[in-house]
Every structure is written in C-alpha cells, then in structure tokens.
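Enquirer: So that we are looking at the same thing, I have put the structure below in structure tokens.
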Ligand SMILES: [Mg+2]
C-alpha cells in the first residue's frame, strides 16, 4: 500500500462479502458432530409440504437444494436427515459472527443472518489489506464460533458477492481492481444478481453468454430489451457498481404467508387470496407496534415448480392496491400456478431491529 498523498486521492473501495457455508446446517453439525459426513438438512417435514432451508454438502451431492420441497429432497436422497430449524440458536450465532465483523468496520450491511457486506476501505488493521482482514475474519469465526465463512474481496458489492461464491465452501477469492475488467468480462450472464432463468435464457437467445458479450450493446438497446433492469445491466457488465455498503440496515420483516393445499391456478385466484393475507399482516403489525417504522412492502410467490420470487417497493403502510400491483408483477415472472403466497413489510427501526430473514417458520 502506498502512503496517502496530500491531495486526498479518491479512496479505493475495498469490500468484503462474507457468507457462511450452509449456515443452519453448519450450526447443527457444530453442536452434534455425529451429523457430519452424512447428508443432512434443516427444514420442514416432507409430509407437510415443508421445504429445505439449508443442507450440507453431502446432501448437495444428491441434488438437494435450498427451497426445494422436503418431499422431493427425500426422493433424491432417501437417507437425508431433516432437522427442524432452531431459529433462536441461529440468531444467536449470527450475533456472534456480526460482532466479529464489527470489530473491523462499522460499515457492516447484513443481507441475512449469515451474509453481509463489509466496507473495509478505511480499515487500518493489516496495513489496510482487505485480503488479510478477510483471512483473519474467516479464521476467527472458525475458531470462536465453530462454523466456516466464505469471503469475496473486491472493489464493489457486485464483484465481492460473486467472489465469495467462487471458492465455496470455506474459501476466499480476491478480485483486485486491475483484475475486475477481465473477471467481469468472462462472467456468465446468469451470475449477475437479478438475472433469473428467464432473463438468462433471453440473453443467451440474443447471443450474450458472458458480460463481455453484452458490452457492445448500447444502453438504448439494453433498455429496449430489459426495461429498467437494462440500465443496471449496462453498468454491471462493465463491472461498475457504485452502491454503498449501508449499515443500520438491521431490518425486521413482518410477513404472513400461506401454502395452499391446491395450487392457485392463475393471477385472478392469487388476487382473491390477498385480502385475508393482508388482514393477518395488519394484525401482526399492530401486535408488533410497528406502525411508523415500515419502509418497504413485499410480496413473495412460490410457483408450482418451486421457484420463488419476491417483489418489493417502498411504502409506509400495507396498501391493497400496491400489493395487488406487486403480486401481478411477480406472477408475470413465471406465469405458473402458485403454491405459496406471502405479503410482508420491512421495518428499519433500529431499537427493536433484529436480523431477520423472510420467515421460513410458517412452513414448519
Ligand atoms: Mg450462506
């Protein structure tokens, strides 16, 4: 590292994305080592339309995945042991891990119980080396908490997040600023966050396999093909992502969801189910005394093929028209029958805030 000059040059951003490996499953294996080395998962029961929340790598070898129906998981892996989730325990472990992160920087942005961005641009430990900070964090979480964290280091959130997945599990991958251009150019388009199966298929149909293939496309063309998301694609395919790491995002989400015994066949049927869900949500918000802290409205859909999508927008209170619009938007993404519908709000109240995931619990 060179010494800062008097002219205060722009600070090179250094972002670490930390992501625990099969988090819930790791915590369970830590607490009961006899679970190691055999396929196991944390999730709901196969006979109650439960889903897999997390599974270990032994289970993944059988094709078991997060968000897969437990019944299907057991079909793929008959010896799969499925434990019920112990959310309170995972939250406590998460608190310990985040306390370690915060010893390095205040700029910690949680994405879930086990995932966060850390902006270490101004850190002084290890002479400011983000790579060495990431290594130390990984070591400390392993030693002090007993689970493994994979980490990605890069000059933006976009690059750091992709990098953390590169050497998973228990891996570290560093993309130096000078390497970003080539790294992103070679990146398959479906690695871009927000590019789902449908968008990826469309990109491939139009001849774009990698981010590099997209670069000759004009901003206009990308907008024409992909609407508002096109502008983001224009930047991301060039490795440009200026989003800041924003702490204080200790959000609490309040949500209500329902898994239907019979799939809802179409959008009309989904819209008809909104009212009772919103009524339940309002009751929960009242019980949590969360009025005035809401800043986001969300709708979640899980389709008959088990793919899940979440649509959200800013909002201060549950609003039927807004939920109907979000639902229509989410439904259009796949247009399949729907097995689960959820409505929720996110709050940003710092005092009561607690790291929270979308509630899996409803399914257990
Ligand atoms: Mg994880």
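Rule-based calculations on the coordinates, nothing more; no lab input. Since the structure is predicted, the reported quantities are computational estimates derived from the model, not experimental observations. Here the Cβ positions follow ideal geometry from the backbone for every residue, glycine too, while neighbour counts run over all protein chains shown.
Enquirer: Using Cα pairs closer than 8 Å and at least 6 residues apart in sequence, work out the relative contact order for the range 253-347, in percent.
Expert: After rounding, I find 46 percent.
Enquirer: Moving on to the next point. Can you sort 226, 23 so the residue with the fewest Cβ neighbours within 10 Å comes first?
Expert: Going from least to most buried by this count: 226, 23.
Enquirer: Would you order 242, 136 from fewest to most other beta-carbon atoms within 10 Å of each residue's own beta-carbon?
Expert: Lowest to highest Cβ neighbour count: 242, 136.
Enquirer: Roughly how large, in nm² to one decimal, is the mean projection of the convex hull of the alpha-carbon atoms in the range 1-142?
Expert: The directionally averaged projection comes out at 10.0 nm².
Enquirer: Of 263, 170, 319, which is the most mobile in a GNM of the chain whose springs link Cα atoms less than 10 angstrom apart?
Expert: 319
Enquirer: Give me 124, 105 ranked fewest to most by other Cβ atoms within 10 Å of their Cβ, as a rough exposure proxy.
Expert: 124, 105
Enquirer: What percent does the relative contact order of the chain come to when contacts are Cα pairs within less than 8 Å and at least six residues apart?
Expert: Relative contact order comes out at 16 percent.
Enquirer: Now a separate question. Given a cut-off of under 8 Å on Cα pairs at least six residues apart, what relative contact order in percent is computed for the range 1-126?
Expert: 28 percent
Enquirer: Now for a separate question. What base-10 log of the normalised intensity I(q)/I(0) is obtained for the range 28-86 from the Debye formula, alpha carbons as equal point scatterers, at q = 0.19 Å⁻¹?
Expert: Here log10 of I(q) over I(0) equals -0.55.
Enquirer: Among 343, 311, 64, whose mean-square fluctuation peaks in a Gaussian network model of the chain (Cα, cutoff 10 Å)?
Expert: Maximum fluctuation in the GNM of the chain, among the listed residues, is at 311.
Enquirer: The chain: D in µm²/s via Stokes-Einstein (Kirkwood Rh, Cα pairs, 20 °C, 1.002 mPa s)?
Expert: 97 µm²/s
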